[in-house]
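Okay, structure first, notes after.
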Amino acid sequence: MAHIQWRYLGENAIEISDISSNVNVQIGLKDYLKGFPELRIASFMITDKNLTLVSEKHGFMSVSNIIDRVTSYRHDMNVTASLPLSIIPICYDEVFALDYRILERFCKLDYEEIITLHLNAEYTVAMFGFMPGFPYLKGLPLSLAIPRWKSPRKVIPKGSVAIANEMCGIYPNQSPGGWHIIGRTPMTLFDPLKGNITSLKLGQRVKFQQISKRDFDGFTPN
Amino acid sequence: MDLPLIKIINSGNLSTIQGACRLGFQDYGVPRAGFQDKISAQLANWLVGNDKFNSLIESYTNYFEFEVINDCSMGVQGACSEIRINDQSVPLDQTHHLRDNDCIQLFNNTNGAILYLAIAGGFAATQVLGSTATDIANKLGGLDGLPLTSKDILKGSKSNTTKETLRIPEGFPHRGYFSKNATVHVIVGPEACLFTELDIDTFYSNSFEVSTDISRVGYRLTGHPIYTDAHNIPSKTTFPGTIQIPSSGDPIILMADGPVTGGYPRIGVVAEVDQPILAQLRPGGRVRFIPCLPEKARLREANQCRWIDELYHKNTDR
């Protein structure tokens, strides 16, 4: 990997930036680096285009050795993620789509068109952040991109599916937040007491499937 | 097996069970949580023969009161100016052996913000994702992920008394933490380049006031707003200690429960060695930043760990 850009993030972490807009490259690089325990990397954090490496207790063995390894990494684009496509049920009923009028006005589309665009797109889990289990989904049609609220809402209900800029996200639990809400899923996305703490995985492909309000109310998680 | 140990009479402000950090789940968006001032917390645990990261009570309070239900040994460290057992003032900085029905009052009239109360054997708490630390925002760990309230009964695990009465050695460096103002070392952040030279100069040549907007998630500073146009950058990794500049221009320093990503430019990161000093600042206190190279910060951190390690060693040698 040529032209590595990296910076310290505190004394015990470095951030390699602008790696790729394909999250699978970051995942591949992370898995590759895991194969070198002598580098003393304790944990990894993937954000959009970036990979952050956190050192073990007494620091990295050598940052230049890490950079050498990163440079020597070659991502095989033919290796596609083997995770199955995840289908997320979503209800676009007005009681859930708290911001549909604003979206209609901003995108200059009616809500049926917005729903169709949102349903037809295929997304990728690009990162988790903001709160436990909150997935940042890439792949939103540009015609739906709307900036965040200037001042966040105090309460966004659990399961709300929301849009900010070119990303779609899902609030795994009730929280304050600044994204525009277009619907709600009855699915549980974050369960810290389960072995699989998040229903979605980094790099996984995602599609939404519309359900009625009745189906939403009768939803039983499997 | 869990024995009720104490009943809280007055839980004061922002009291939680804390323990070792919740590491390894940042990738899933889970904050670290854990001690805000790990030095004081580890000293409190040392006083009662615990491991460094045993579960204890952390509190941002000026007054904390509890009743003893079953005999136990107690260590109090951090911001505490007086301990009273049944209305009798007792020395700070040493182990106290409590009997059932004792009434304990802790006062904080110091310049520090946070006190730590450890009981031999630690407090029983829910272990979630490898840690008992309470993360209030995400309702993880502690007692159902909630802050402690008056009337809560805290249980203990196994041996809750010690035979020995330990004392923190005279002149041990932890006392230095509780000053009204502090200077902390900062490793230059990834987005420092987005600020003008003048902004960077403002940042490093002024002291900022700690606002009343402080919590385990973050401390907001005021007094010298720093403006940049680059407020809406894509979300990137943040840690405890990360200093972000939001559109108001007032820096926010993320603390133990801070989110794992943030979309504001990261002007710098407070060196780990200075995070306990920072955490102990009160609203109205002031903080000044000095740029520091990562190697130097690690060296100072290693020294700090050494004092604690030596203290723990002495104890086990005896």
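Over the Cα atoms of segment B:5-70, what Rg and Dmax result, in angstrom?
13.7, 41
Return one number: the angle in degrees, 0 to 90 and rounded to the nearest 10, between the long axis of the Cα atoms of helix B:38-47 and the longest principal axis of the Cα atoms of chain B.
Roughly 10 degrees between the two axes.
Near residue A:216, within a Cβ-to-Cβ distance under 14 Å, what is the net charge of the other residues, with Lys and Arg +1 and Asp and Glu -1? Walk me through the intermediate numbers first.
Working: positive: A:158, A:184, A:213, A:214; negative: A:93, A:94, A:215, A:217.
My count for the surroundings of residue A:216 gives 0.
Taking segment A:150-222, how much of its Cα-Cα pair set, in percent, is spaced more than 19 angstrom apart?
Details: 1062 of 2628 pairs.
The proportion of pairs with Cα distances above 19 Å equals 40 percent.
Determine the distance separating the Cα centre of segment B:144-169 from the Cα centre of segment A:127-155; give it in Å without decimals.
41
Can you pull the mean other chain C-beta count within 10 Å for peptide B:260-270? Write down the numbers at each step before the final one.
Numbers: counts 10, 11, 3, 6, 0, 0, 4, 0, 3, 6, 1.
Counting other chains' Cβ atoms within 10 Å and averaging over B:260-270 gives 4.
Can you list, largest first and rounded to whole Å, the semi-axes you get for segment A:5-72 by taking the square root of 5 times each eigenvalue of its Cα gyration tensor?
Each semi-axis is √(5λ); the values are 18, 13, 10 Å.
Against the empirical 2.2 N^0.38 Å scaling, what ratio does the C-alpha Rg of segment B:236-300 come to?
1.12
As I understand it, the dipole of the protein assembly as shown uses +1 on the Cβ of Lys and Arg and -1 on the Cβ of Asp and Glu, about the Cα centre. Which of B:307, A:180, B:149 lies farthest toward its positive end?
Farthest along the dipole direction, towards plus: A:180.
What area, in nm² and to one decimal, does the C-alpha convex hull of segment B:181-299 cast on average over all directions?
Mean orientational projected area (segment B:181-299, Cα hull): 6.5 nm².
Based solely on C-alpha atoms, express the radius of gyration and the Dmax of the protein assembly as shown in angstrom.
Final numbers for Rg and Dmax: 24.5, 77 Å.
Which order, highest average first, do B:210-219, A:64-73, B:134-143, A:175-184 follow once you tally other Cβ atoms within 10 Å for each residue and take the mean per peptide? Display every interim value, and only then the final one.
Details: B:210-219: 18.8, A:64-73: 14.2, B:134-143: 23.6, A:175-184: 21.8.
In descending order of packing, they fall as B:134-143, A:175-184, B:210-219, A:64-73.
Report, largest value first, the span of the C-alpha coordinates of segment A:52-112 along each principal axis, in whole Å.
That works out to 55, 31, 23 Å along the principal axes.
Give the average over all directions of the projected area of the C-alpha convex hull of segment A:86-217, one decimal, in nm².
That works out to 7.4 nm².
In nm², what is the average projected area of the convex hull enclosing the Cα atoms of segment B:21-116?
With the hull built on Cα positions only, its mean projection is 6.9 nm².
Translational diffusion coefficient of chain A at 4 °C, 1.567 mPa s, Stokes-Einstein with Kirkwood Rh over Cα pairs, in µm²/s as a whole number.
In µm²/s, the coefficient is 68.
What is the helix-to-structure angle for B:294-317, meaning the angle in degrees between its Cα long axis and the longest Cα principal axis of chain B, kept from 0 to 90 and rounded to the nearest 10?
With rounding to tens, the tilt is 10 degrees.
Just checking the output field for A:129-141: average partner chain Cβ neighbours within 10 Å of each residue's Cβ?
On the way: counts 13, 7, 8, 15, 5, 6, 2, 4, 0, 0, 0, 0, 0.
If you average over the peptide's residues, the count of other-chain Cβ atoms is 5.
Helix A:63-72 versus the longest principal axis of chain A: what angle, 0 to 90°, nearest 10, using Cα atoms?
On a 0 to 90 degree scale, this one is about 70.
Within 14 Å, Cβ to Cβ, of residue B:135, how many net charges do the neighbouring residues add up to if Lys/Arg are +1 and Asp/Glu are -1? Intermediate values should be presented prior to the final figure.
Details: positive: B:22, B:32, B:139, B:216; negative: B:58, B:144, B:257.
Local net charge: +1.
Based on alpha-carbon centroids, what's the gap between segment B:190-231 and segment A:191-222 in Å, whole number please?
40
For segment A:1-141, calculate the relative contact order in percent as a whole number, restricting contacts to Cα pairs under 8 Å that are 6 or more residues apart.
20
So what's the net charge close to residue A:89: Lys and Arg +1, Asp and Glu -1, counting the other residues with Cβ under 15 Å from its Cβ?
With Lys, Arg at +1 and Asp, Glu at -1, the neighbours total +2.
Give me the lysines in straight-line cross-link reach of residue B:38: C-alpha distance below 18 Å, same-chain residues under 8 apart excluded.
A:57, B:52
Would you mind giving the mean number of other chain beta-carbons within 10 Å of the Cβ of each residue in A:42-49, as a whole number?
So the per-residue partner count for this stretch is 5.
With viscosity set to 1.306 mPa s at 10 °C, what whole-number translational diffusion coefficient in µm²/s follows for segment B:3-177 from Stokes-Einstein and a Kirkwood radius over Cα pairs?
100
Over the alpha-carbon set of chain B, work out the extent along each principal axis and list the three values in angstrom, largest first.
Extents along the principal axes, in whole Å: 61, 39, 34.
Please state the relative contact order of segment A:5-72 as a whole percent: Cα pairs under 8 Å, 6+ residues apart?
Working: 93 pairs, mean separation 22.6, N = 68.
This gives 33 percent for segment A:5-72.
Can you give me the C-alpha center-to-center distance between segment B:246-318 and segment A:23-84, rounded to a whole angstrom?
Rounded to whole Å, the Cα centres lie 26 Å apart.
Just to check I understand the Karplus step: with θ = phi - 60° and J = 6.51 cos²θ - 1.76 cosθ + 1.60, what whole-Hz values come out for segment B:238-249, glycine and proline as x?
For segment B:238-249, the Karplus curve yields 10, 10, x, x, 5, 9, 10, 10, x, 5, 5, x Hz.
Laboratory data are not the source of any read-out in this text; all were calculated from the coordinates shown. All values reported here derive from a predicted model rather than from experimental measurement. Using ideal geometry, Cβ is built from the backbone for each residue, glycine included, and neighbour counts are taken over all protein chains shown.
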